[in-house]
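So the structure is just underneath, and the comments pick up after that.
The values are calculated or read from the model by the stated rules, or taken from the named source; none is laboratory data. This is a predicted model, so every value here is computed, not measured. Cβ: placed from backbone, ideal geometry, glycine included. Neighbour counts: every protein chain shown.
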Amino acid sequence: MLFFVLMHRCRQLGCLLLLSVLSSCLGVIKPVRNFTAYKSAPAPDYAQQASWAALPTHRDSADAVPKNSGLRDQQATAPADVFFIHLTTLIRPQGWNGASTDPALNLFTDQFSIRRQASVFNAAGRIYAPRYRQAALYSFFDADSSANARAALALAYQDVKTAFQYYLDHYNQGRPIILAGHSQGSFHAQRLLHDFFDQDPKRRGQLVAAYLVGFKVNPNAYQNLRPCEDSTQTNCFISWNTGEWGYSYEPYRDALAINPLTWTRDTAAAPASLNRGSVPQSFNRIDKEVADAKVHDGVLWVHPPATSGYPRFLIPGRPELRHSFHIADYGLYYMNVRENAVARVRAWQQVNQ
């Protein structure tokens, strides 16, 4: 019942605003019992269309483009695949993991993450986005529940890994792959890189790039894979976490931060004039030149846009991150990411064909 109330409030207030309010109160999002006290929902069957939030052969939220943008979904002719893992949308305190068949949760996921984030890649590749028994938001923010959180995240990754293997076996057919996610999705994507790509030269060769946005990524996490160093490098990974200019973010110190306006780790400020277009939470326009960027101590600094639609996100249990633009990590640099994904696919084709 709580989640349906929250969904109603989402429609009244805007989902991102509501998330910001909820995330400031840990008690609201904390599961009542330990992980072992809950019965896990059935594992998704990835042979079924219903187990995917996005498939290139079906109409879904990943096909969307911002209103009046002149952009179009190009998945039908795209030369690459995109495997996208959505962020956390499970905020109700009724368990440590969500059910992949929960209609309200899936609607929230589709309207929030698939439409506003996965769609950025629909000019570069055919988008595959699995539904999975995602870990609850609280899993990331309370050290006292670390055992519960580990179990919840392990269950979630079990689904993601199964989905990716199914994708490889039934859909990929040797095509180049973009791996992408946000927040919890990037957490799982990091593990996919380790389990499927880092030690497999053939699979590494298929990797266009991994966009591990909205989660702390160690630039030296892999034996063979390395961070991308420019706008067209392939077989590499990218990450950034956006925060307000001038504030220190100690938890992200030493994290990988790549500037999506220059596609380098250079710490020079990149002016908003390099921003090809931001997309607000309403997804109803493209705002040109409203967000700058500067890499600073593991974080991507941005001056708060003067245009509405890019709210901060108060992350629970992390008051030092109260100036985070976490929920706008993709939106602030939407067009730059969109064009970069296309450019990297073309670069991959030039090398491999």
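Points worth noting:
- Filtering region 116-145 to residues that are part of a helix (DSSP H, G or I) and either touching a residue at least 24 places away in the same chain (Cβ under 8 Å) or touching a Ser or Thr at 6+ places or on another chain (Cβ under 9 Å) (or both) leaves Arg116, Ala118, Ser119, Val120, Phe121, Leu137, Tyr138, Ser139, Phe140, Ser145.
- The condition of being among the acidic types (Asp, Glu) and without any contact (Cβ under 8 Å) to a residue 24 or more places away in the chain holds for only one of Asp329, Asp287, Asp292, that being Asp287.
- Pairing each residue of region 231-249 that is farther than 21 Å from Ala343 by Cβ with any residue that is assigned to a loop (DSSP other than H, G, I, E, B) and among the hydroxyl-bearing types (Ser, Thr, Tyr), provided the two are 6+ apart or on different chains, yields C-beta distances under 6 Å for Gly243/Tyr249.
- Of all residues making up region 203-256, the number that are in a loop (DSSP other than H, G, I, E, B), in contact with an Asp or Glu (Cβ under 9 Å, 6 or more places away or on another chain), closer than 30 Å to Leu314 by Cβ and of a type in the set (Phe, Trp, Tyr): 4
- Single residue of region 137-159 satisfying the filter (within 25 Å of Arg203 (Cβ to Cβ) and touching a strand residue (DSSP E or B) at 6+ places or on another chain (Cβ under 6 Å)) that is surrounded by the fewest Cβ atoms within 10 Å (Cβ to Cβ): Leu155
- Just one of the listed residues (Ala135, Ala152) is farther than 13 Å from Phe84 by Cα, of a type outside the set (Lys, Arg) and under 15 Å from the mean Cα position of the chain (by Cα), namely Ala135.
- Test: residue in region 76-83 that is surrounded by fewer than 17 Cβ atoms within 10 Å (Cβ to Cβ) and over 22 Å from the mean Cα position of the chain (by Cα): yes
- Hey, Pro316 outside any strand (DSSP E or B), modelled with pLDDT under 95 and crowded, with 20+ Cβ neighbours inside 10 Å or not: yes
- Inside region 57-85, residues that are touching a strand residue (DSSP E or B) at 6+ places or on another chain (Cβ under 6 Å), in a loop (DSSP other than H, G, I, E, B) and within 15 Å of Phe112 (Cβ to Cβ) make up a count of 1.
- In region 16-70, of all residues being of a type in the set (Lys, Arg) and at pLDDT below 95, the one that is surrounded by the fewest Cβ atoms within 10 Å (Cβ to Cβ) corresponds to Lys39.
- Considering only residues in region 249-274 that are of a type in the set (Ser, Thr, Tyr) and over 23 Å from the mean Cα position of the chain (by Cα), the one that is surrounded by the fewest Cβ atoms within 10 Å (Cβ to Cβ) turns out to be Ser273.
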